[in-house]
Amino acid sequence: MLRTTLPSNARSVSGGVRGLLRRTAVMAALVLPLSMSACGYNDIQSLDEQAAQAKQNIDAQLQRRADLIPNLVNTVKGFAAQEEKVLTEVTQARAGLMGALQKPGGSDPTELANANAQLTGALGRLTIAVEAYPELKSNENFLRLQDELTGTENRIAVSRTDYNNAVRQYNEYIRKFPQVLTAKATGAKPRVYFEVTDSAARSAPTVDFNK
């Protein structure tokens with residue numbers, strides 16, 4: 001078997017190359033995180049995740065609100081079956097909210113806001129109708145449902161504020177330099193606020209069962 005022996009100067013050059021490669025790799029490992037931080041990549045991911053989590057909280061509260069509606073409708077039917085029109089409006093508005101929540105590819109904040117406002121309007125009309133039924137207003141199940149709906153609506157309001165604040169921080173950040181370059185390179189796009197855009201829904205009455 002023949003054995004090839006490199007000259008000492010060749011071995012020295014080869015060892016130098018390997019050493020240079022190792023030092024380059026070490027430098028890259030040190031510099032890369034710094035460069036990622038400097039360009040804002042890590043912060044963009046963090047802010048985007050924060051907004052995504054806030055959006056999930058809104059979805060959860062809206063789902064909770066929608067889940068309460070069938071029991072409310074059935075309770076009202078037991079005392080005021082003749083209020084078929086307003087009960088149908090509530091049921092349809094709930095279906096619209098459920099459709100927005102279950103939209104393929106993920107729910108859209110604007111669509112959710114409009115659907116939720118439509119449900120609020122329908123519930124407001126139901127509240128007016130309920131005024132004519134004292135026995136219903138004092139029914140234990142109805143009182144429990146109204147408390148749960150009020151609490152859920154309050155949590156929706158808090159979640160909406162948290163989400164819109166997170167979206168504002170994220171959107172402002174990706175517009176700054178040099179983050180705007182990173183956002184463009186990675187495809188990071190502005191997020192949509194949770195706000196009503198339907199003028200009819202915007203004027204929907206506020207639900208208050210305690211009046």
- Please give, to one decimal in nm, the separation of the simple spin-label points placed at residue 147 and residue 45, each 7 Å out from Cα toward the Cβ. 4.6
- In square angstrom, what is the accessible area per residue of region 102-194 with a 1.4 angstrom probe? 53
- Item | Stretchable slack from residue 110 to residue 132, in nm (0.36 nm times residue separation minus alpha-carbon distance) | 4.4 nm
- Message: Show me, for region 98-108, the HN-Hα J-couplings you get by feeding each phi into the Karplus relation (A = 6.51, B = -1.76, C = 1.60, θ = phi - 60°), rounded to Hz, glycine and proline as x.
- Response: 4, x, 5, 5, 9, 4, x, x, x, 6, 9
- Burial-style ranking of 129-136, 114-121, average other-beta-carbon count within 10 Å with highest first, yields 114-121, 129-136
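What pairs from 55/176; 77/137; 103/176 go past 21 Å between their alpha carbons?
Pairs exceeding the cut-off: 55/176; 103/176.
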- Note on the structure: So the FRET efficiency between residue 74 and residue 52, C-beta based with R0 = 25 Å and rounded to 0.05, is 0.10
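The values are calculated or read from the model by the stated rules, or taken from the named source; none is laboratory data. Everything quoted here is computed from the prediction, not taken from an experiment. Positions of Cβ are generated from backbone atoms using ideal geometry, with glycine treated the same way; all protein chains shown enter the neighbour counts. To get the accessible areas, we keep the full protein, side chains included, count just its heavy atoms, and leave off ligands, DNA and RNA. Shrake-Rupley method; radii C 1.70, N 1.55, O 1.52, S 1.80 Å.
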